[in-house]
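Engineer: If you scroll down you'll find the structure; I have some questions about it.
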Amino acid sequence: MKYPDFFDAIPRIVLRDPLAEFLGAADGGLIEYSYLDAVKLAGHSCPTVASAFCLTRRAMRALYGDALPERGGLRVAFSASVADGVTGVTANVVSMLTGAAGEGGFKGLAGSFERRSLLSFNAAIPSDIRYTRRDGHGEVDTAAHLSQVPADPELRPLMQRCLSGVADANERQRFAALWQDRVRRILLDHGDDAAVFRVHRTA
């Protein structure tokens, strides 16, 4: 699979999944997720996928510090409904990384490793997404402000030409390059920018 070179420069998320360890899927339960994994899940690379990946990485860092985050150890609540805007896309990426799932998630084994009902929507929270450690050791409210990383002025008219079918090959290539350049800037230039990714510890 050929993909933009900058994907490989994006910090990865390393965590421990007790279920993966128990079932022998990963030695020591260690799992590493790259941005490319999120792209494969979503089927595309965009600011929404980028922000879901980066926001979750920052939330885990705030909640676990230098310790390995535990996959399956978080509850995740969204203030919006799953069908609202890009919430569903964001939730899919967040679910992959955290293990938190809705009613269709893993039911567990003899009362252990349950993942269902850890992902919820329409929550009465003051932020976009709340990540809460199930062991009671903290929670963070988070939000992404992608307007702080504006698109190139060429992007919108090029998108319109591409979607209307009148763009030539050079214009389509230019559009794709500008689109991914914004994703690159979000992840690499602003990945630790508090003005773009707000992470506030509430407990």
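The values are calculated or read from the model by the stated rules, or taken from the named source; none is laboratory data. Everything numeric here is computed off the predicted structure, so don't read it as measured data. When we count neighbours, we look across all protein chains shown, and the Cβ atoms used for this are built from the backbone with ideal geometry, even at glycine. When the accessible area is computed, the model is the full protein with side chains, heavy atoms only, and any ligands, DNA or RNA have been set aside. Shrake-Rupley method; radii C 1.70, N 1.55, O 1.52, S 1.80 Å.
Engineer: Could you tell me which numbered condition Met1 fails, if it satisfies all but one of (1) open to solvent by 30 Å² or more (accessible area, probe 1.4 Å); (2) at pLDDT 95 or above?
Structural biologist: The number of the failed condition is (2).
Engineer: I've got another one for you. Identify all residues within region 130-145 that are touching a residue at least 12 places away in the same chain (Cβ under 8 Å), open to solvent by 10 Å² or more (accessible area, probe 1.4 Å) and either not basic (Lys, Arg) or not in a strand (DSSP E or B) (or both); write none if there are none.
Structural biologist: Those that are touching a residue at least 12 places away in the same chain (Cβ under 8 Å), open to solvent by 10 Å² or more (accessible area, probe 1.4 Å) and either not basic (Lys, Arg) or not in a strand (DSSP E or B) (or both): Thr132, Arg134, Asp135, His137, Glu139, Ala144, His145.
Engineer: So in region 170-185, with the set limited to residues that are in contact (Cβ under 8 Å) with a residue 40 or more places away in the chain and within 15 Å of Arg156 (Cβ to Cβ), which one is least open to solvent (accessible area, probe 1.4 Å)?
Structural biologist: Per the criteria, the residue is Arg182.
Residue-by-condition table, conditions (1) touching a Leu at 6+ places or on another chain (Cβ under 9 Å); (2) among the small types (Gly, Ala, Ser); (3) not in a helix (DSSP H, G or I):
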| residue | (1), (2), (3) |
| --- | --- |
| Ala20 | yes, yes, no |
| Gly28 | no, yes, no |
| Leu36 | no, no, no |
| Val39 | no, no, no |
| Thr48 | yes, no, no |
| Arg57 | yes, no, no |
| Ala62 | no, yes, no |
| Ala67 | no, yes, yes |
| Gly72 | yes, yes, yes |
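Engineer: Now, a different point. How many residues, within region 186-203, are open to solvent by 50 Å² or more (accessible area, probe 1.4 Å) and in a loop (DSSP other than H, G, I, E, B)? Explain how you work it out, then say what you get.
Structural biologist: From region 186-203, those open to solvent by 50 Å² or more (accessible area, probe 1.4 Å) are 188-189, 192, 194-195, 198, 200-203; that's our starting set.
Subsequent filtering for residues that are in a loop (DSSP other than H, G, I, E, B) retains 192, 194-195, 202-203.
Residues flagged as open to solvent by 50 Å² or more (accessible area, probe 1.4 Å) and in a loop (DSSP other than H, G, I, E, B) within region 186-203 amount to 5.
Engineer: Output the residues belonging to region 55-95 that are buried (at least 20 other Cβ atoms within 10 Å of the Cβ) and at positive phi.
Structural biologist: Gly72
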